[in-house]
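Notes follow the structure.
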Amino acid sequence: APTALLRSLAGMLCATVEGFEDALKESAGVESDKVDELFEALVAKPLRSVKAPRGADDALVLVIDALDELPRDALKPVLLLLATELKTLPPW
């Protein structure tokens, strides 16, 4: 479930952040079950390599819905990831 969530998030970022899809292709081929490695490859690294898509005063807001629908054993790793890794994303 965490891998599906991260892949879905990456797909949404491809549709909304200019240059994200090209940056993501450079991380293609990551086959890992480790949530932190997938987050880095599918979200963090591509986001850090693209220019801010909006003005300097605007922020990109990521909404992650349905966390309560994750299997109980998958919820803790995802919440831990979000709590620790979101701060590594670009400030925009």
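The values are calculated or read from the model by the stated rules, or taken from the named source; none is laboratory data. What you see is a predicted model, and the numbers here were worked out from it, not measured in a lab. Using ideal geometry, Cβ is built from the backbone for each residue, glycine included, and neighbour counts are taken over all protein chains shown. Side chains are part of the model used for accessible areas, which takes the heavy atoms of the whole protein and leaves out ligands, DNA and RNA. Shrake-Rupley method; radii C 1.70, N 1.55, O 1.52, S 1.80 Å.
Below are the figures for this structure:
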{"item": "Number of positions in segment 5-18 that are outside any helix (DSSP H, G or I) and surrounded by 14 or more Cβ atoms within 10 Å (Cβ to Cβ)", "result": "1"}
{"item": "Every residue from segment 19-44 that is modelled with pLDDT under 90 and either exposed (fewer than 14 other Cβ atoms within 10 Å of the Cβ) or in a loop (DSSP other than H, G, I, E, B) (or both)", "result": "Glu26, Ser27, Ala28, Gly29, Val30, Glu31, Ser32, Asp33, Lys34, Glu37"}
{"item": "Hey, Val63 surrounded by fewer than 11 Cβ atoms within 10 Å (Cβ to Cβ) and free of Cβ contacts under 8 Å to residues at least 40 places away in the same chain or not", "result": "yes"}
{"item": "Conditions (1) modelled with pLDDT under 85; (2) under 14 Å from the mean Cα position of the chain (by Cα); (3) not aliphatic (A, V, I, L, M); number of the one not met by Ser49", "result": "(1)"}
{"item": "Cβ pairs under 7 Å, 6+ apart, first in segment 78-91 and assigned to a loop (DSSP other than H, G, I, E, B), second basic (Lys, Arg) and open to solvent by 80 Å² or more (accessible area, probe 1.4 Å)", "result": "Pro90/Arg48"}
{"item": "Test: residue in segment 67-76 that is part of a loop (DSSP other than H, G, I, E, B) and surrounded by 11 or more Cβ atoms within 10 Å (Cβ to Cβ)", "result": "yes"}
{"item": "Where Ala41 falls short, out of the listed (1) over 25 Å from Leu75 (Cβ atoms); (2) within 13 Å of the chain's Cα centre (by Cα)", "result": "(1)"}
